Structures are given as structure tokens and as C-alpha cells.
Amino acid sequence: MANQNGLIQETKTEKLEVVAAKKPPVPPGGYSTISRKQLLQNLEVNSGGRINSWVDSMRASSPTQINSSTSLLDDQSSWMVHHPSALGMFGDIINASKGKQIVMFLDYDGTLSPIVEDPDRAFMSDAMRATVRKLARHFPTAIVSGRCRDKVYSFVRLAELFYAGSHGMDIKGPSKGSNYKKGDQAVLYQPASEFLPMIDEVHKALLDKTKSTPGVIVENNKFCVSVHFRCVDEKKWTELAQQVKAVLKEYPELSLSQGRMVLEIRPTIKWDKGKALEFLLESLGYTNCADVFPVYIGDDRTDEDAFNVLRERGQGFGILVSKVPKETNAAYSLQEPAEVMVFLRRLVEWKKLTLRRQFRMRRRIEELKMSLAI
Ligand SMILES: [Mg+2]
């Protein structure tokens, strides 16, 4: 099954790149996509009882649902025209960033690491870690994850990065080794700290309520709780979603949203990955700055908030990691973490080449000045 799907994906990629190459890139921000409101209508299950539509949506995003039908190939071809491969469009992306400071924002699960059955074993490869380390040497780099900050740090283990855990509700700057740390001032921001006792309470209540469902994993991510469906029999998904919803009824201050094979419970404050992106740009000194080019790479619905911020600011672009067409505010796409790594490596190589050229240019000018002075 996996091999068969893999072959299908390869075929799709070849066909799609041809389609994408025929059409000039649409500038980020110029696509017609669904609104944030429409997205939320599909996602929110706390108030409207949309359990069935949510479960259907999760099934649709499940890898087991990928099939080889012609219509799916056509759908993907059409989707790729609007969200071309960031690898295929690399030159255009670099041209758009000319004269601006690129700032990198990276989701973790499904972006830097593969989605695995046990979320505690979502390790990133050594090659990916080395790539992200090099990336952070050349560009300010932040990891933005739904996971708790300590957990995502334990996977990434790079002190020179910014980390925004719990969907951006727990932000911390580099502890050492960053070229982009501002003075001695540590960046630390936790906009939902008063919710910590409530999150602990709801975590315990969810553990108790869902304990009869085999395979469920309830994860306390400090400022949010994630209920993972990855290892739960699909026949049990509706029942599990109803159990989660029943617990949430007692907590009107918390809201429920859908991620990739996960339900997430968060404080109902106006804070998300998009707000975290804006906060980090501000921390780096890029408030109201035209010379910044943020790039956000993520695979999840919760990353849409960040894609949307970039679209609204008209700065940089979002890249969705997905093998299947999805409604998105991202401008470009990559199929899987392996492609993310190739993209990040290309960025590093391009930057190194640019720095070498600039160095040679400066040296020539100095030599010219010296010869004129003699
Ligand atoms: Mg993710």
C-alpha cells in the first residue's frame, strides 16, 4: 500500500511540475483561496456540533485515503498550478527576497520530522538537524509548534533557534550561539500563563474520559492539550471526538480546533501561530519594516494562521507541506519533510554563494582603492 502510494505520488509530481512550469508564478498574496472565516466554520466543533464534518475532514487528510483515481490526479494538477512547488520556483522566490532579510519559521511535526504513530517518537533526522543548524547560521530561524516548548526543544536540540511552543503561546529566544540574539535581553513571552492550572485540569479530565478508547494519546502541551487520533481505529473517531467535546462543555474559556489527526484544546485568547510570527518579527526588530522577507513552512491547519498573516502583510510567503491538495493560504508547496530539507539546503547554498560574491567584490574594491592611492 505504502509503495503503491509512493509510486502514485512520484507520477503526480512529474506531471504537476510540467503543469506548474507552463504558468508563471502568481505573486504571494494573489491567489483566490477560502477565507479564514470559512476555514474556521469547517474546523470549530465547540459550538456547532460539527463532529461528523470534522471526522470526515480528518479522514480526507489521512494518508490511508490517498488513492489513484484520475480525478484526484486532475485535482492535484489544478491545485499545484495555484500552489507550485517551492523547489520548482526557487529562483523566483530568491528574486522576490532580493535586498531583504529572510527570516525562517518552521513547524516541527510533518515539516521537519515525519508524522509517526507515536508522537513521542517524532524524531528529526541528523541530516535535517545539521541542515537547520546551517540555516540558523545565515538566517534568523524559529521553530513554531503545537507541542510544548520543552518537548519540541528535546527533539530539535539547537540552542541557537527561537522556539514558539504551544501554538506560539510559549516563546523563547536563543539561549546561545545565535547571530540574531538582541543584546543580553532574553526573549520570553507567555500570553496565556493564567490558563496553566485550567489546562492541567482539562488534561486530567480528558485522560479519564477517553481512557476506554484504545490508541488515544492525550498530550499536555503546557498551554494546550492535544488528543491524537493517529493510533485510534477510524470507527472510533466520532465517539472519541464526542468524548472530547463533552469534556470541553465544562470549559467555555477553552476552544477546540482540528489539526492533522489531532484535536487541540486551547485558551480562547486571540493568539495563534500567526500572532507568534508577528511577535517574533517584532522581537527581531522588523516591526513596520519593508526589508524583511519571512518564510513560514508548515503542514497543519494551525499553520494557516501564519500563512494568512504573511498574505495580509504582503511580505514573504507560506509554504504548505502536503502530498494532497488542501485549502490553504500558503503560496507554495512542498510534498514532504525530505523536500523541506532540500529547499533549506538550497537556501543555505544560495546564501553562502552570495556572501562569497560580496566578499570578492569588496576585496576587488579595496585592491582598486589601493592601486589608485599608489
Ligand atoms: Mg505540523
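The values are calculated or read from the model by the stated rules, or taken from the named source; none is laboratory data. Here the structure is a predicted model, which means the values were calculated and not measured. With ideal geometry, Cβ positions are generated from the backbone for all residues, glycine too; neighbour counts draw on all protein chains shown.
Before moving on, here are some points about what is shown:
- Here is the figure for the stretch 146-170: residues that are among the charged types (D, E, K, R), away from the ligand (no atom under 16 Å from the Cβ) and in contact with a helix residue (DSSP H, G or I) (Cβ under 9 Å, 6 or more places away or on another chain) total 3.
- Cβ pairs under 7 Å, 6+ apart, first in the stretch 310-327 and without any contact (Cβ under 8 Å) to a residue 12 or more places away in the chain and among the β-branched types (Val, Ile, Thr), second outside any loop (DSSP other than H, G, I, E, B) and buried (at least 21 other Cβ atoms within 10 Å of the Cβ): none
- Criterion (surrounded by fewer than 24 Cβ atoms within 10 Å (Cβ to Cβ) and more than 16 Å from the ligand (Cβ to nearest atom)) met by exactly one of ALA127, ALA122: ALA127
- Residue count for the stretch 222-276, restricted to those that are acidic (Asp, Glu) and buried (at least 23 other Cβ atoms within 10 Å of the Cβ): 1.
- Only a single criterion out of (1) buried (at least 20 other Cβ atoms within 10 Å of the Cβ); (2) away from the ligand (no atom under 13 Å from the Cβ); (3) basic (Lys, Arg) is not satisfied by LYS351, namely (1).
- Selected residue (criterion: farthest from LEU277 (Cα to Cα)) from residues of the stretch 130-157 that are surrounded by fewer than 21 Cβ atoms within 10 Å (Cβ to Cβ) and free of Cβ contacts under 8 Å to residues at least 40 places away in the same chain: ALA130
One line per residue, one yes/no per condition, for (1) of a type in the set (Lys, Arg); (2) under 18 Å from VAL144 (Cα atoms); (3) surrounded by 12 or more Cβ atoms within 10 Å (Cβ to Cβ):
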position	(1), (2), (3)
GLU278	no, yes, yes
GLU312	no, no, yes
GLN335	no, no, yes
ARG345	yes, no, yes
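- Selected residue (criterion: surrounded by the fewest Cβ atoms within 10 Å (Cβ to Cβ)) from residues of the stretch 96-116 that are away from the ligand (no atom under 15 Å from the Cβ) and touching a residue at least 12 places away in the same chain (Cβ under 8 Å): GLY99
- Annotation: of all residues in the stretch 327-374 being assigned to a helix (DSSP H, G or I) and of a type in the set (Gly, Ala, Ser), the one that is nearest to the chain's Cα centre (by Cα) is ALA338.
- Single residue of VAL321, VAL309 found to be within 14 Å of the ligand (Cβ to nearest atom), of a type in the set (A, V, I, L, M, F, W, C) and within 16 Å of LEU106 (Cβ to Cβ): VAL321
- Check on TYR180, over 26 Å from PRO267 (Cα atoms), of a type in the set (Phe, Trp, Tyr), at pLDDT below 95 and more than 16 Å from the ligand (Cβ to nearest atom): yes
- Those helices (runs of 4 or more DSSP H) of the stretch 209-321 in which 1 or more residues are of a type in the set (D, E, K, R), closer than 27 Å to SER154 by Cα and touching a helix residue (DSSP H, G or I) at 6+ places or on another chain (Cβ under 8 Å) occupy 273-283, 304-313.
- Residues of the stretch 51-86 that turn out to be modelled with pLDDT of 80 or more, surrounded by 16 or more Cβ atoms within 10 Å (Cβ to Cβ) and out of contact with any helix residue (DSSP H, G or I) (no Cβ under 6 Å at 6 or more places or on another chain), as a count: 4
- The single condition among (1) modelled with pLDDT under 95; (2) of a type in the set (Val, Ile, Thr); (3) in contact with a Phe, Trp or Tyr (Cβ under 6 Å, 6 or more places away or on another chain) that ILE115 does not satisfy is (3).
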